[in-house]
Amino acid sequence: MILETKLPGLPMKNPIMPASGCFGFGEEFAKLYDLSQLGSIALKAATAEPRYGNETPRVAETPAGMLNAIGLQNPGVKDIIEKKLTWLEQYQVPLLANVAGSTMEDYENTAKQLADSGLVGAIELNISCPNVKEGGIAFGTDPDLAAELTSRVKKVSSIPVYVKLSPNVTSIVDLALAVEKAGADGLSMINTVTGMQINVNTGKPLLANKVGGLSGPAVKPIAIRMIYEVRQQTDLPIIGMGGIHSVEDVVEFLYAGANAVAIGTANFTNPFICPEIIQGLEQWAKEKKVANIHDVTRSEVVEQ
Amino acid sequence: MIKEEMRIRSNLPIAQHIFEMKLEGNIPEEVNQPGQFLHMKTTNQVTPLLRRPISICSNDKDKGQLTVIYRSGGQGTKCISEKKIGDTIDVLGPLGNGFNIENVNRTDTVVLAGGGIGVPPLYGLGLELKKKGIHVVSVLGFSTASATFYHDKFAELGEVFYCTMDGTEGHKGTVTDVMRRENISFDQLFACGPVPMLKSLEDTFPDAKGALSLEERMGCGIGACFACVCHVQDDPTGKDYRKVCSNGPVFPWREVALR
């Protein structure tokens, strides 16, 4: 069975990667298994300066999901390059560096530093984080701003640029087409769905940030629908994500139109989920007599 | 740290909403300090989704068994409380850094100050201290008499002061109240309980040696998700932090900001 998946900037040995923000910079998971098994690693978001993030509570559990409002806590791009990326180099896994910021200049500077480091394969523009006050989400909900940001980052980046799309929009297809036109090399979708939970005993929101991003199995049908819709309008590579917990989920994303997938929240409930799914995917293909993972495509779904 | 299906040897209520569970598996062999914790999957279904961090009360490497004490409050811990002898439970552990007692001298007096469901890890700590021949005094606070537990066990460690907020058992008031009122002195103070209790102890005994253990909502439990971070003291930038799950849950006094 051929699992090899070649995406712009990311020559992956299989289509599985941990999703940004759910894997830190890999240090914790490296103690549990060999990271070189992974197809790629989507790194925790980098910003120009270090960020503490939001106050706690930062997570709240919901039916079949969780809300988070971490607030892009990270040590800043300089430290990330010097300490985290140089350490990750030993695993020889193509890295997808997630970039966030408050202004277009922030994004440009951070993306350029990461691209110039020579240590990452591609940039993932985080224009959809629902948990920071400025920037982020505004770029992710206005197609014109998203396009402008994409083309500006493309100009300064020597490596491919993926745009991570927000589901918190009326038409995700409009956003996808806008960034494609602006030169995006790929899409990753979906980021978390904005949500809120209120403690009925106190009448107060559970999260210190009041609202947060919903992830986990609860959002999977939203992700599948959105990828399916976008795939009908573009041939851009899509990294699909949203509640993946099993091999069957991965296959569903491939059918919807994803070329590769990212596993997020499931890393929290089972830190071994990524290698388990990679193994499971090989087993699944054997049973179904699938010779190449790329034979599992959307065509059957689309043409019905 | 390993992930395994541990077998449940007993799971019984020992006080109001409080359960004691004995588990068997390979994790006990890995435990190296009292105060470490387990991250438990409460069900094989997707709800409740997240694991529950539960501190290890006591550990027996030889038997491959450990004991946890938890409060059945929310949906997750209710699932755990419904598990039967012989069932298995998906456990990640041992996690975190526990109480380091290498710097406790044989001649020291140690006070274990516990509040509510913060009491259990102090029992395992007390056992280790007693093994070293150290004089242990326990000051245990609860909301009310029906919430108290482990009377006999703590009595075996040394002198015990009970206190309840409503005065239904032992002294009326908080752990700090009783320590002040009874002039309980110590060389080292180890505490686990709600943040207001820890804060009040730290304010009352600003030079205390020893450590405190924090409880916090957690995501992954291994340091990757940044759900359980806390600020540190003496940090004008406000950007420094500790992760409760992987840097803690046990910290020296005055290291982390209690709020």
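Annotations
- When residues of region B:210-243 are limited to those that are closer than 18 Å to B:Q33 by Cβ and in contact (Cβ under 8 Å) with a residue 60 or more places away in the chain, the one farthest from the other protein chains (Cβ to nearest Cβ): B:G210
- Annotation: B:G93 fulfils all but one of (1) away from chain A (no Cβ under 14 Å); (2) crowded, with 24+ Cβ neighbours inside 10 Å; (3) touching a helix residue (DSSP H, G or I) at 6+ places or on another chain (Cβ under 7 Å); (4) not charged (D, E, K, R); the unmet one is (1).
- For region A:242-257, taking the residues that are away from chain B (no Cβ under 14 Å) and in contact (Cβ under 8 Å) with a residue 60 or more places away in the chain, the one that is surrounded by the most Cβ atoms within 10 Å (Cβ to Cβ) is identified as A:V250.
- Test for B:P249: is it surrounded by fewer than 17 Cβ atoms within 10 Å (Cβ to Cβ) and away from every other protein chain (no Cβ under 12 Å): no
- Checked against the criterion of being of a type in the set (S, T, N, Q) and within 12 Å of chain B (Cβ to nearest Cβ), the candidates A:N292, A:N270 yield just one match: A:N270.
- Flag for A:G101 being away from chain B (no Cβ under 14 Å), assigned to a helix (DSSP H, G or I) and either buried (at least 21 other Cβ atoms within 10 Å of the Cβ) or of a type in the set (F, W, Y) (or both): no
- Pairs linking a residue in region B:64-86 that is within 14 Å of another protein chain (Cβ to nearest Cβ) to a residue that is buried (at least 19 other Cβ atoms within 10 Å of the Cβ) and among the polar types (S, T, N, Q), with Cβ atoms under 7 Å and 6 or more positions apart or on different chains, are B:G76/B:T42; B:C79/B:T42.
- Whichever residue in region A:17-47 is of a type in the set (D, E) and either away from chain B (no Cβ under 13 Å) or touching a Phe, Trp or Tyr at 6+ places or on another chain (Cβ under 9 Å) (or both) and, among such residues, is surrounded by the most Cβ atoms within 10 Å (Cβ to Cβ): A:E27
- Scope region B:41-59; condition in contact with a helix residue (DSSP H, G or I) (Cβ under 7 Å, 6 or more places away or on another chain) and within 11 Å of chain A (Cβ to nearest Cβ); matching residues: B:K41, B:T42, B:T43, B:V46, B:P48, B:L49, B:L50, B:R51, B:R52
- Pairs with Cβ under 7 Å, 6+ apart, first in region A:266-286 and surrounded by 20 or more Cβ atoms within 10 Å (Cβ to Cβ), second part of a helix (DSSP H, G or I) and of a type in the set (F, W, Y): A:P271/A:F29
- Meets criteria (away from chain A (no Cβ under 14 Å), within 18 Å of B:L129 (Cβ to Cβ), among the hydrophobic types (A, V, I, L, M, F, W, C) and in a strand (DSSP E or B)) for B:A155: no
- Selection of first residues in region A:213-241 that are closer than 19 Å to A:L177 by Cα and of second residues that are acidic (D, E), restricted to Cβ pairs under 7 Å at least 6 apart or on distinct chains, gives the following pairs, ordered by first then second residue: A:I224/A:E252; A:T234/A:E180; A:L236/A:E180.
- All told, A:G203 meets the bar of being more than 14 Å from chain B (Cβ to nearest Cβ), at pLDDT 95 or above and over 15 Å from the mean Cα position of the chain (by Cα).
- Residue in region A:1-52 that is farthest from B:G221 (Cα to Cα), counting only those that are part of a loop (DSSP other than H, G, I, E, B) and of a type in the set (F, W, Y): A:Y52
- Subset of region A:59-74 (residues that are over 19 Å from the mean Cα position of the chain (by Cα) and closer than 15 Å to B:F226 by Cβ): A:A60
- Scanning region B:92-106 for residues that are more than 30 Å from B:G219 (Cα to Cα) and either among the aliphatic types (A, V, I, L, M) or at pLDDT 95 or above (or both) yields one hit, B:V104.
- Residue check, A:E55 charged (D, E, K, R), farther than 25 Å from A:T265 by Cα and within 14 Å of chain B (Cβ to nearest Cβ): no
- Residue in region B:168-179 that is in contact with a Lys or Arg (Cβ under 8 Å, 6 or more places away or on another chain), hydrophobic (A, V, I, L, M, F, W, C), at pLDDT 95 or above and not assigned by TED's automatic domain parsing to the domain that holds B:F37 present: no
The values are calculated or read from the model by the stated rules, or taken from the named source; none is laboratory data. The shown structure was predicted, so the numbers you read here are calculated from the model rather than taken from an experiment. Every residue, glycine among them, receives a Cβ derived from its backbone with ideal geometry; neighbour counts consider all protein chains shown.
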